[in-house]
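A short write-up of the structure that comes next.
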Amino acid sequence: MRLLHSLAKTHASFDDPHLVSHAGLVPVMALAQRAGLADLVAEQVRPGGECGVNAYLKVPCLVAGMAAGADSIDDMDLLRHGAMSTLFGGVRAPSTLGSHLRCYTWGNVSQLEKAARGFLIALTGQAPLLPGAETLAFIDLDSMQKRVYGHHKQGARFGHTKIQGKSLLVRGLNALAAVISTPLSAPVITATRLRGGNAASARGAASLAARAIGTARDCGCTGLIVVRLDSAFYNAAVIGAIRRGGARFSVTVPMNASIRAAIAAIPGDAWTPIRYPRAIWDDQLDAWVSDAEVAEISYTAFTSKKGQAVTARLIVRRVRDLNKQAADGQDELFPVWRCHAVFTDSPFELIQAEEQHRDHAIVEQVFADVTSGPLAHLPSGVFAANAAWLSIAAMTHNLLRAAGALASLPFAKARAATIRRDLIAVAARTARHGRGHLTLHLPEGWHREHEWANLFGRACGPPAAVA
């Protein structure tokens, strides 16, 4: 690619009042309006102070800015250019939005989280967000240490995080989140909670899990629900909350003496080879030749907790532990295995249950999505403002998921950055005609024209019939 005109004859000026750079916000915010975002905020959220007024206008402004790629308060200025005032009303300045967030108390954040749950439930009625939820759904619970800077950030403490597989102490805030997905859908965020940077992973996880299960039921997850967790959430309170909510659990187990004793009791002929990365199919044996095997045994956990003991399946995956530094000819005298145990009451058969648990890593994709977007920063020095920012980021993520599901099947599972690039960040020129009619003229030959038209037709056209 090269320029067709010389640089001396190429000019630029910012003087077109009829042009917008994010025309995709029109169908996206129309979808939010149909899901009742402003009404939910007006009903639930009531911050105090002079800057706490008109939350029903300011929260949708923050959602729109995040959907367009804003990751700080100052970035919200992208809502005030060209013909945006022709397309949208109630747009507020970034300083006003920042002052509004700083008015929030912890109680207001809880109100905002309640509105976010109602918004997700409404979105599932507007778009096919969770296909197959009437049969099987997964809830994944995990925490993320988000690094922050500045000595005046409220709640910033040193906590553990993994960077390139290594556990490091990072100064930041800790975000706890629960996401819902099905075997046919991408995950949506059902609950969030911001905590101090030194908070233990399981702090508040029991109540968040119970809330996530209730929201999942309201979103149409009427079938089996399996809650997947890592070893940091292996405790009686969390498992008890999941079982009281009528869901199943699948949690990684930390290696301790009782777990090792249970693994040692597994018979040698009970191990089943599984298809694992780098496995080879042997035509003669008609089986996968792999260094990974799985087996299961009954196990009772939390026996030291009076009345809280749980008996379920202990599924163990073992992988051959090879010494890659051994010299040639120094073969192993006996096999050495690395074991990974999962405690679960899943009704699925052994190999399927173990494979499903490994898919718990899907929650990391959600964290990567929001970190590359609105959670690139926690922009305020006020803890409650950052907690509200986290909740609004979750609302934005779910809105983009719904927009992608309306656009096409590939976009239903696309990353949020892809949806922003292909469906939202497209330039358009506004033109008035007739009596009150407005037309958006978009680029000819836009490579996502059909998907954009699908989203626009379903979000801005006549409401779909409700069965």
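Among the hydroxyl-bearing types (Ser, Thr, Tyr) and touching a Phe, Trp or Tyr at 6+ places or on another chain (Cβ under 8 Å): does that describe Ser167? Criteria not met by Ser167.
When the residues of the stretch 197-227 are filtered to those that are of a type outside the set (Gly, Ala, Ser) and open to solvent by 10 Å² or more (accessible area, probe 1.4 Å), which remaining residue is farthest from Thr135 (Cα to Cα)? Filtering first and then ranking leaves Asn198. Name the residue that is nearest to Ala83 (Cα to Cα), counting only residues in the stretch 426-448 that are assigned to a strand (DSSP E or B), open to solvent by 50 Å² or more (accessible area, probe 1.4 Å) and touching a residue at least 12 places away in the same chain (Cβ under 8 Å). Only one residue tops the list, namely Arg429. Checked against (1) touching a residue at least 40 places away in the same chain (Cβ under 8 Å); (2) not in a helix (DSSP H, G or I); (3) not polar (S, T, N, Q), Phe348 passes all but a single condition, namely (1). As for the stretch 118-134, it holds at least one residue that is within 26 Å of Cys221 (Cα to Cα), part of a helix (DSSP H, G or I) and of a type in the set (Phe, Trp, Tyr). Selection within the stretch 130-157: residues that are surrounded by fewer than 16 Cβ atoms within 10 Å (Cβ to Cβ) and of a type in the set (S, T, N, Q). The member of this set that is nearest to Ala405 (Cα to Cα) is Thr135. Residue by residue through the stretch 76-106, note down the ones that are over 22 Å from Ala402 (Cβ atoms), assigned to a loop (DSSP other than H, G, I, E, B) and open to solvent by less than 30 Å² (accessible area, probe 1.4 Å). Within the stretch 76-106, Ala83, Ala93, Tyr104 meet the criteria. Here is the figure for the stretch 51-75: residues that are under 23 Å from Tyr149 (Cα atoms), crowded, with 24+ Cβ neighbours inside 10 Å and free of Cβ contacts under 8 Å to residues at least 40 places away in the same chain total 1.
The values are calculated or read from the model by the stated rules, or taken from the named source; none is laboratory data. For clarity, every value in this text was computed on a predicted model and none was experimentally measured. All Cβ positions, even for glycine, are placed from backbone atoms using ideal geometry, and neighbour counts span all protein chains on display. Quick note on the areas: whole protein, heavy atoms, side chains included, nothing else; ligands and nucleic acids left out. Shrake-Rupley method; radii C 1.70, N 1.55, O 1.52, S 1.80 Å.
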